[in-house]
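Quick note: the coordinates plus some simple rules give every number you see, no bench work behind them. On a predicted model such as this, the values are computed, not experimentally measured, just so you know. We place every Cβ from the backbone using ideal geometry, glycine too, and count neighbours over all the protein chains shown.
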Amino acid sequence: MSAASAGLIPSTESMTAPIQVHIEREIEALLSSLPKPDELSAEERRGIIARYTAVLEGNFIYWMTGAYIAAGSDAARAKILENLHEEVRDSHPAMLRRFALAAQAVPTDSDATAVYDNLTNVRMFIVKLSPVPIVVTMALLEGFIQRFMAYLADLARRQGSSAMEYTDVHGVCDVTHTLELYRALEAEMTLSNGSTPTDRMFEGVELLRTLIQNVVVNQ
Ligand SMILES: [Fe+2]
């Protein structure tokens, strides 16, 4: 009988399950706080698309690369590499730029300034290269983006755009992908042997949540 099956150490599954619940709750809270598109002015709709673009276009690959460098398990690295491969091969930054252009929502200096502080906070979290917290943060990011796409496409349509390649590609609900992502987290947690203090587990999640709120509402 192994130590885990004898109940001496917690199984990795029992460690990741509450994390998954936490992340799902964060995503639900973010989605339910979104303003109704028909209650927004054209400028407010443009601003959301522009700030989203200002944040994601130049940072998603950087953040994923940080996660790749930080991760030590084969499972996590394979999963992240698959993601990076797709990002680069299909040039998701170019795809996002086309989406913003078509919605006439290319970020301006003031859109970039509006998210600067909160974006910097997430960047400064990434530089710590803390394996488990970074993978947890990327799980939130991916989960949120997927569920946010229908809303973003709605905003763009209301701005007169019909170019939906970016939102179509990123809005696919991929159950296998989510499952693999949490398996990667399990592998990473096993490797770190529970060495991540609880208060640091969601450090990146909290910073990313604040940044996403800032994308939605120009604070
Ligand atoms: Fe992407």
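Put +1 on the Cβ of every Lys and Arg and -1 on every Asp and Glu Cβ in the chain; which of 195, 78, 108 then has its Cα farthest towards the positive end of the dipole? Selected residue: 108.
With a ≥ b ≥ c the root eigenvalues of the C-alpha gyration tensor of the stretch 64-128, is it rounded (a/c under 1.5), prolate (a/b larger than b/c) or oblate?
Details: a/c = 5.01, a/b = 1.42, b/c = 3.53.
Taking the square roots of the gyration eigenvalues as a ≥ b ≥ c, the stretch 64-128 is oblate.
Label-to-label distance, residue 127 versus residue 178, with points set 7 angstrom from Cα along the beta-carbon direction: 3.5 nm. Here the Karplus curve 6.51 cos²θ - 1.76 cosθ + 1.60, taken at θ = phi - 60°, turns the phi angles of the stretch 159-176 into couplings of 8, x, 8, 10, 8, 10, 4, 4, 6, 5, 5, 8, x, 6, 7, 10, 5, 4 Hz, with x standing for Gly and Pro. The overall shape of the stretch 41-216 is prolate: from the C-alpha gyration tensor, with semi-axes ordered a ≥ b ≥ c, the ratio a/c is 1.5 or greater and a/b exceeds b/c.
On the beta carbon distance between residue 43 and residue 85, with R0 = 30 Å, the FRET formula returns roughly 0.20.
Per-residue Karplus couplings for the stretch 180-187, computed as 6.51 cos²θ - 1.76 cosθ + 1.60 with θ equal to phi - 60°, are listed in order as 5, 4, 6, 5, 5, 5, 4, 4 Hz, Gly and Pro entered as x.
Please report, in debye to the nearest 20, how large the charge dipole of the stretch 156-211 is about its Cα centre when each Lys and Arg carries +1 at its beta carbon and each Asp and Glu carries -1 there.
Numbers: 5 positive and 9 negative charges, 55 e Å.
So the dipole magnitude of the stretch 156-211 works out to roughly 260 debye.
With θ taken as phi - 60° and the Karplus curve 6.51 cos²θ - 1.76 cosθ + 1.60 applied, the whole-hertz 3J(HN,Hα) list for the stretch 29-41 is 5, 5, 5, 6, 8, 5, x, 5, x, 6, 9, 9, 6 Hz, x standing for glycine and proline.
Annotation: extensible slack from residue 104 through residue 169 equals 21.4 nm (criterion: 0.36 nm per residue apart, minus Cα-Cα distance).
State whether the stretch 98-169 is rounded, prolate or oblate according to the following rule on the C-alpha gyration tensor (a ≥ b ≥ c being the square roots of its eigenvalues): a/c under 1.5 gives rounded; otherwise a/b larger than b/c gives prolate, and the remaining case gives oblate. Write out the running numbers ahead of the final one.
Working: a/c = 3.32, a/b = 1.57, b/c = 2.12.
Oblate, since a/c reaches 1.5 and b/c is not below a/b.
When +1 charges are put on Lys and Arg Cβ atoms and -1 charges on Asp and Glu Cβ atoms, the dipole computed for the stretch 41-216 relative to its Cα centre reaches about 220 debye.
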